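Notes to accompany the following structure.
FYI, it's all coordinate maths here, none of it is from the lab. These numbers were taken from a predicted model, which means no experiment stands behind them. FYI the Cβ positions are ideal-geometry reconstructions off the backbone, even for glycines, and counts take in every protein chain you see.
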Amino acid sequence: MDGRTIIFYMLAALTLGSGLLAVTARKIFRSAIFLLFSLIGIAGFYFWLQYEFIAAVQIVVYVGGIVVLIIFSIFLTQQAGTELPNPPLRRIVFSVLASLFGLVFSWMLVSQHPFQTSSAQPMDPSVANIGSMMLSVNDSGYALPFELVSILLLAAMIGCIVIAIKSKQEMPTPAGMVETKTVLKQETPAEPETVS
Amino acid sequence: MEQIGLQHILFVSISLFFIGVYGFLTRRNLITMLMSIELILNSVNLNFIAFNKYLWAGKLDGVFFTIFIIAIAASEAAVAIAIIINLYRSHKSIDVESASEMKY
């Protein structure tokens with residue numbers, strides 16, 4: 001058992017253990033912190049597979065962006081320290097059964113499938129290669145998805161501002177609720193963009 | 001001890017996917033459901049990278065799929081949190097049961 005194997009098992013334990021704790025923790029803030037460790041474990045897998053650029057993107061976007069956003073929204077919407085209610089036992093039993101069935105079924109499919117490894121010359125996943133392929137318009141280029149994702153990010157940004165903006169005439173009375181409902185309706189133009 | 005191969009990584013990503021599915025089915029809080037979706041998306045990313053590494057090392061297709069999935073996941077999380085905060089403002093709760101009037 002060499003060091004590579006040991007590191008793999010440690011990363012797997014970190015990712016799966018903190019992932020499991022993230023979906024079962026009773027306090028929502030701890031759940032977010034366990035999600036953070038699970039995402040760090042995934043970034044470790046990318047390092048382990050020697051895709052350093054993807055690992056850096058994973059850390060910057062997920063750990064630095066999405067988890068911080070989630071923690072901010074927890075602070076805004078949740079009373080810190082309150083515990084989430086226990087889900088009913090029936091729902092837990094059926095969710096465990098569904099997840100275990102899916103796990104066993106897909107694992108049987110995967111473990112019996114003979115994967116054909118390619119003998120092609122490995123391509124270096126360096127930043128230079130990724131950058132030149134991302135902006136090339138040849139057959140193997142990714143210029144069109146790149147442009148689509150940039151439009152999607154713009155649409156998502158404008159959509160977020162429109163949805164979350166606080167209207168000036170908002171009141172704590174039922175009139176205020178009507179006001180926010182009209183703001184809610186404006187998110188429909190941004191919705192098909194995120195689905196695609 | 002056998003060499004760590006594609007199957008080991010696939011087992012990790014399948015397990016992470018179904019952990020996310022379990023969280024999505026049991027939780028009724030919108031933020032924790034969003035966290036489960038993030039776990040599911042991450043397992044898919046790990047799958048793409050593992051396939052690219054072991055089966056199609058001559059191309060970078062899996063890397064590009066992963067980059068675009070990360071970008072889309074980031075925008076999805078931002079829009080979802082904007083909706084959640086707006087929902088909290090009008091309902092004072094982010095439980096999915098209390099958000100049923102958005103269905104109609």
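The length gained by stretching the chain between A:Glu147 and A:Gln121 to full extension, at 0.36 nm per residue less their Cα-Cα distance, is 6.4 nm. The relative contact order of segment B:6-94, computed from alpha carbon pairs under 8 Å that lie at least 6 residues apart in sequence, is 28 percent. Based on DSSP H segments of at least four residues, each scored -39500 (n - 2.57), the protein assembly as shown has a per-residue ellipticity at 222 nm of -23500 deg cm²/dmol. Shape annotation for the protein assembly as shown: C-alpha extents along the principal axes are 68, 50, 30 Å, from largest to smallest.
From other protein chains only, count the Cβ atoms within 10 Å of every residue's Cβ in B:61-74, then give the mean.
Neighbouring Cβ atoms belonging to other protein chains average 6 per residue here.
Which ordering of A:Thr15, B:Thr32, B:Thr26 is given by a fewest-first count of other beta-carbon atoms within 10 Å?
Fewest-to-most Cβ neighbours within 10 Å comes out as B:Thr26, B:Thr32, A:Thr15.
Kindly give Rg over Rh for segment B:6-94, based on alpha-carbon atoms, with the Kirkwood expression for the hydrodynamic radius.
Using Cα coordinates only, the ratio equals 1.10.
Please give the helix B:6-26 orientation as an angle from the longest Cα principal axis of chain B, in degrees from 0 to 90, rounded to the nearest 10. Long axis of B:6-26 versus the principal axis of chain B: about 10 degrees. Potential lengthening of the chain between A:Met1 and A:Ile33 amounts to 8.4 nm, from the contour at 0.36 nm per residue minus the alpha-carbon distance. Residues B:Leu87, A:Leu154, ranked from the fewest to the most other C-beta atoms within 10 Å, line up as A:Leu154, B:Leu87.
Annotation for segment B:63-82 versus segment A:81-98: alpha-carbon center distance of 28 Å. Eigen-decomposition of the gyration tensor built on the alpha-carbon atoms of segment A:1-100 gives equivalent ellipsoid semi-axes of 28, 20, 10 angstrom, largest listed first.
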